[in-house]
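All of the numbers you see were taken from the coordinates with simple rules; none came from a lab. Keep in mind that what you see is a predicted model, and the values were worked out from it rather than measured. All Cβ positions, even for glycine, are placed from backbone atoms using ideal geometry, and neighbour counts span all protein chains on display.
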Amino acid sequence: MGMAIRMWFHTEQPIVVPSSDGSASTTGLEGFNIGDNVGNPLYSVVNEHLAAVVVLLLLPLLTWVVVRSARVLASRGVPWAAALQARVADAPLNRRIAGIAVAWSAVLHGVLVFTHAFSFYTVLYAAGAAALGWAAWSIVSARRRAAVSIVVLSIAAYWVLGAPPDQLGLFTKLMELFALTLLAIPAADGQRRLRRMAPAGVVCLLVFTSLASWIGAFASAGADGGHHGGEFPGPATLVPYVERLEPTPTEAAFAEEVYWATVAAVAKYQDPSVAEAAGYDVGTIRGSDHHAQNPGLIGDGRILDPEYPESLIYAETPHGPILVGVMFETDGIRDTGPTDGGPIVMWHRHENVCFSLLPPAIAGIESPFGMCPLGSLNIPYTGEMVHAWTLPGVPKEDHWGHIDDEWLDAYISELEQHDH
């Protein structure tokens, strides 16, 4: 599962001054403090689910207490305890374990009813808790097929309504998938075709759950990927928490000065051969986001220096490569970038990056289930970085941070039309 424990980095110069009117320009994020980094919920547990995590840790003990108590009461002739004891005793081991897994999911759904403000979702949590509780009881009885249908519906509901996904939500679905896997084992009913199809069905449910988690994680991010603050970023990205989204005049002036100084300083790198001669590893340029890093500038003590960006960003076009921007980086993994540009120059870092050993390269980001591709290692955190986009005509709001992908695609398409 790979449940993440968030490790926060604190900035030396946090963006703390609130906006003058304290209204629309303030961030809508809750549960964060100045100096925290905000990540996508996919790799963590949202605040409303923390109580359920505590209950989850106690569930093994609570399960033992319930089972032990039922045995004692059954021995004393208590009817409901005797009935429970008889059903559990008659059920095979795999169905007992499957019933416990579904019961745990039911309990966690029930806890969420009390940790969220009343809404459509709390009604669904309550309904899910009741339905899964009944399914857990039915698994150890003769109504196993009805129980399986409820568990499948619970998983399917998560695909549609589970955004933003977090590690607790994923864990409940994994318990339910685990239960379905156990229920696919028995061969007593002689339905061979159904038994052959059941494992494939569980695998399909797992794949769709993973896909739904990715979709929900990206859907929960801001329109600009969360790079401009005030919103959740996309998966594997961390941005500093800010109290306000409007810069002061001093911050705006700083951002503009550094931006235009950068545009002028890197104009010479429009020719990739000039960049190669300056020490940038340009290589073969493919796509619209090709990063060419200069190893000699990493850790050189120069941060946000327009003359020495650590990486150049190129895009492939019919006319050949074009320089679209640069990336500045901090020296060390725990260093923070200067905050003189306020919420305009928003530094970010990446988390849960998968790095391939052969060949050495970025292999992607960690899956919702805490796994990297075979042959790659997980890098929990990177140093901070910030992008500046230097193409002519870039909208002012996209000078720093995240460039509008549609705008960049349109720019490249226009070059293609001129080529024809």
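For Q270 and I97, the difference between the fully extended length at 0.36 nm per residue and the C-alpha to C-alpha distance is 56.0 nm. Scaled against 2.2 N^0.38 Å for its residue count N, the alpha carbon radius of gyration of the range 39-219 is 1.08.
Each residue of the range 266-280 was assigned a 3J(HN,Hα) from its phi angle through the Karplus expression (A = 6.51, B = -1.76, C = 1.60, θ = phi - 60°), giving 9, 4, 5, 8, 4, 8, x, 5, 5, 5, 4, 5, 7, x, 7 Hz with x at Gly and Pro. Remark: the V66-D305 segment gains 79.7 nm on full extension, using 0.36 nm per residue and subtracting the alpha carbon distance. The value for the range 350-420 of Rg(Cα) / (2.2 N^0.38 Å) is 1.55. The residues E276, E176, when put in order of fewest to most other Cβ atoms within 10 Å, stand as E276, E176.
Could you give the length gained on full extension between H319 and V78, defined as 0.36 nm per residue of separation minus the Cα-Cα distance, in nm?
Values: separation 241, 0.36 × 241 = 86.76 nm, distance 8.34 nm.
Residue separation times 0.36 nm, minus the Cα-Cα distance, leaves 78.4 nm.
Classification of the range 237-378 by its C-alpha gyration tensor yields an oblate form. The axis ratio a/c (a ≥ b ≥ c) is 1.5 or more, and b/c is at least a/b. Placing a label point 7 Å from the Cα of D409 along the Cα-to-Cβ direction, the residues of the range 276-310 whose backbone N falls under 16 Å of that point are 287-289.
Measuring between their Cα centroids, the range 99-139 and the range 167-184 lie 14 Å from each other. Using the Karplus relation 6.51 cos²θ - 1.76 cosθ + 1.60 with θ = phi - 60°, the per-residue 3J(HN,Hα) values for the range 99-112 come to x, 5, 4, 5, 4, 4, 4, 4, 4, 5, 4, x, 4, 5 Hz, with x marking Gly and Pro. Our note on the geometry: Cα centres of the range 63-81 and the range 344-383, 49 Å apart.
As a footprinting exposure proxy, order D404, D398 by other Cβ within 10 Å, with the fewest listed first.
D404, D398
Footprinting exposure proxy ranking of W389, W347, W137, W80, fewest other C-beta atoms within 10 angstrom first, gives W80, W137, W389, W347.
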